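The values are calculated or read from the model by the stated rules, or taken from the named source; none is laboratory data. Because the structure is predicted, anything quoted here is derived from the model rather than measured. Cβ atoms come from the backbone with ideal geometry, glycine included; neighbour counts cover every protein chain shown.
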Amino acid sequence: MQPAARAQWIIEMTPASLLIDRVPLPSGSVETWTLNDPASRNALSEAMVDALLAACERAAADADLRGVVLRGAGGHFCAGGSLGGFAKTIGQPLASGEDDPLVPLNRRFGALLQALCALPQWLIVPVEGAAMGGGFGLVCCADQVLAHTSAQFATPEVTLGIVPAQIAPFVVRRLGPAAARRCLLTGERWDAATAQRSGLVDEVVSCDMEAAVQAAIARHAAASPQAVAATKRLLLAQPDKPLPALLDDAAIAFAQALRGPEAPQGLAAFAARKVPPWSANS
């Protein structure tokens, strides 16, 4: 990409900043969201969670945005939640009848995980170094996970006397109950190969992560944006909605897609042995 075609925003001017870099595709654009607090291995501060939530809200309404790459700076993905702001509360019981301010703070991270899963764009997560606790939870929201051979994954909360509260449902959705129990109840550490066998990682990368990311973007950019968004909505609803209702929604989504603008373009391109206009190879 030409440098002039790139746009960059610093969402929050603090040590725990979130950098957003936008690059055009032949049709639409892709953004890289970089957790940028290398000194803490990109731990999830309250401000970082707020910045990510704001990015998700903006992306959900951005029809030009095709996909998001979520990654960490400084050789690590994310070391998990930052307890710095909670230090004074550790081991301190509440006064009788007092509302606990920790509850909404913790729940806000769950809202972030929900928002990431609900993005209408594809979400690619390349992992280098640590993906621990809340960082493990972020990985569970991805549509595709790339892990460098240096990557290490764990949910160590129970070994620290803490509950992996908000990430647990997302770990179960990603891994299934058996593997989720194994990692959540023991805190055991997985390398990239073990994470792939467990279903957390899609591809292990031994050399050039940037090349692997670009290849993943090209694969996902071959799919039409509206079809991706509709398919993701069906996948997100699958665990919670009764099957008859889900199939009703799927039939409506199919009919809308067939009558919409993308199906004629995609089918015509297929018949002519050409790439559709939204493809990264067009």
Scan (1) within 27 Å of Gly137 (Cβ to Cβ); (2) in the same structural domain as Ala142 (by TED's automatic domain parsing) for the single condition Ala237 breaks and write down its number. (2)
So, in the stretch 219-270, of the ones that are touching a helix residue (DSSP H, G or I) at 6+ places or on another chain (Cβ under 7 Å) and in contact (Cβ under 8 Å) with a residue 60 or more places away in the chain, which residue ends up farthest from Leu146 (Cα to Cα)? Pro239
What about Ala63, is it aliphatic (A, V, I, L, M) and surrounded by 14 or more Cβ atoms within 10 Å (Cβ to Cβ)? no
Please go through the stretch 24-51 and pick out each residue that is among the hydrophobic types (A, V, I, L, M, F, W, C) and at pLDDT 95 or above. Val30, Trp33, Leu35
Determine the pairs where a residue that is surrounded by fewer than 16 Cβ atoms within 10 Å (Cβ to Cβ), located within the stretch 188-212, has a partner that is of a type in the set (S, T, N, Q) with Cβ atoms under 6 Å apart, the partner being 6 or more residues away or on another chain. Arg189/Gln152; Ser206/Thr149
Would you say Ala268 is more than 30 Å from Met132 (Cβ to Cβ) and either small (Gly, Ala, Ser) or not assigned by TED's automatic domain parsing to the domain that holds Gly81 (or both)? yes
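To keep it simple, each residue is scored yes or no on (1) more than 23 Å from Val213 (Cα to Cα); (2) in contact with an Asp or Glu (Cβ under 8 Å, 6 or more places away or on another chain); (3) not polar (S, T, N, Q).
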| site | (1), (2), (3) |
| --- | --- |
| Ala59 | no, yes, yes |
| Ala79 | no, no, yes |
| Asp99 | yes, no, yes |
| Val103 | yes, no, yes |
Assuming Ser82 fulfils every condition listed in (1) at pLDDT below 90; (2) surrounded by fewer than 16 Cβ atoms within 10 Å (Cβ to Cβ); (3) of a type outside the set (A, V, I, L, M, F, W, C); (4) in the same structural domain as Pro164 (by TED's automatic domain parsing) apart from one, which condition is it? (2)
Within the stretch 254-282, work out how many residues are outside any helix (DSSP H, G or I) and either loosely packed, with under 14 Cβ neighbours inside 10 Å or of a type outside the set (A, V, I, L, M, F, W, C) (or both). 10
State all residues of the stretch 3-23 that are within 30 Å of Ala222 (Cα to Cα) and modelled with pLDDT under 90; if no residue qualifies, say none. Pro3, Ala4, Ala5, Arg6, Ala7, Gln8, Trp9, Ile10, Ile11
What's the number of the condition Pro93 fails, among (1) modelled with pLDDT under 95; (2) assigned by TED's automatic domain parsing to the domain that holds Ser29? (2)
Take the stretch 139-179 and flag every residue that is over 19 Å from Thr34 (Cβ atoms), touching a residue at least 60 places away in the same chain (Cβ under 8 Å) and polar (S, T, N, Q). Gln166
Name the pairs whose Cβ atoms lie under 7 Å apart, with the first residue in the stretch 101-113 and in contact (Cβ under 8 Å) with a residue 12 or more places away in the chain, the second hydroxyl-bearing (Ser, Thr, Tyr) and surrounded by 12 or more Cβ atoms within 10 Å (Cβ to Cβ), and 6 or more positions between them or separate chains? Leu102/Thr89
